[in-house]
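The values are calculated or read from the model by the stated rules, or taken from the named source; none is laboratory data. Everything quoted here is computed from the prediction, not taken from an experiment. Here the Cβ positions follow ideal geometry from the backbone for every residue, glycine too, while neighbour counts run over all protein chains shown. All accessible areas refer to the heavy atoms of the entire protein, side chains included, with ligands and DNA or RNA removed. Shrake-Rupley method; radii C 1.70, N 1.55, O 1.52, S 1.80 Å.
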Amino acid sequence: MKSTAFALTALAGVLSMSSAYAQTELTVYTSVEAVDLDRYKQTFEAANPDIKINWVRDSTGVMTAKLLAEKNNPQADVVWGVAATSLLLLKSEGMLEPYAPKGVENLDPKFVDSSTPPNWVGMDAYVAALCFNTVEAEKLGLAPPTSWADLTKAEYKGHVVMPNPNSSGTGFLDVSAWIQMFGEEEAWTFMDGLHENIAAYTHSGSKPCKMAAAGETVIGVSFEFPGANAKKAGAPIDIIFPSEGSGWEAEATAIIAGTANLEAAQQLVDWSVTKEANEMYNVGYAVVAYPGIAKPVEHLPTDIPSKMIDNDFEWAANNRAAILAEWQKRYDAKSEPKS
């Protein structure tokens, strides 16, 4: 009996070990705010205990450059929560594995790649907004801006911070949106005037808003999500959507072509389009890919979709390299040092 019990215990141990070894580990590249990654990982892994997510996180521009550098030796299985324009760039390089996740037909079509099957699917939208510190502004006698054009006023000199579009997806959506809204010549003239007032270009899209919230600048050109978080935490900021309209970007998901973990990668992408996942995106983002899911987000207006420009992702992706090269030539001298 003892030997039988011992054998059964040993067998259980072997089965337990083999089960552990059978767990698939997915390397997932992401630009999602670090504060949110744990809850996504825990929720997905609880429903898919045979899959473990290993995050590799950086800002959109850095992550895009990393993926392109690894084109001939991919290290990621999935790209999850990276700008759709970046994924369109990877698509043009043949780096994505087309896949139509279960339930993709439920998503708003503007959040789904136009190819059949799609190369990427969207999660949520982040929308350009200004974070305006009311306390610091009052000290300096500054009125809140109401438009993008206002940011070129002399009174704001040295009091504006925005993201560098070469390293930040938020920065790129701003610049590409200004060109789409104003036309190329007028947009660069606007950016020349804005540059005069810029204190620094950051390498993170949320940092300008966090700086405004901390009183380190008056105006942070950022997006709505960190603004809502900062206001919820008690920061003295107003979240302003400029009158001309706001550029926006979709956070999106795709499978890297050639992954050895295709089935597990497909399971993650299947989960990314579910109602449950979209409800989780809605914790911070007022606009999500699954229609009818989004509930109002505290401190954000309910009409954000009406403020979003008609953004041409394909145009932005196709012109990305030229836009970034021109921007860097003109304005990079004010970029903060890279850490």
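A few points about this structure:
- Under 14 Å from a label point set 7 Å out along the Cα-to-Cβ vector of A47, the amide N atoms of the stretch 286-328 belong to 290.
- In this structure S115 has an accessible area near 40 Å², from a 1.4 Å probe over the protein heavy atoms.
- Gained length - L68 relative to K139, 0.36 nm times residue gap less alpha-carbon distance: 21.0 nm
- Accessible surface of the chain, 1.4 Å probe, proportion on carbon and sulfur as whole %: 53 percent
- Calculated P(r) of the stretch 177-239 - Cα pairs past 18 Å, %: 45 percent
- Hits among lysines - C-alpha to C-alpha of K91 under 30 Å, sequence gap 8 or more where chains match: K41, K52, K66, K71, K102, K110, K207, K275, K307, K329, K338
- Whole-angstrom gap from the stretch 89-106 to the stretch 236-298, using each part's C-alpha centre: 15 Å
- The Cα atoms of the stretch 29-75 cover 33, 23, 9 Å along the three principal axes, with the biggest extent listed first.
- Those aspartates and glutamates that a straight Cα-Cα span of less than 16 Å connects to K157, excepting residues fewer than 8 apart in one chain: E136, E138, D192, E196, E216
- For the chain, accessible area per residue (1.4 Å probe, heavy atoms of protein chains only), Å²: 44 Å²
- Taking every alpha-carbon pair within the chain, the share separated by more than 28 Å comes to 43 percent.
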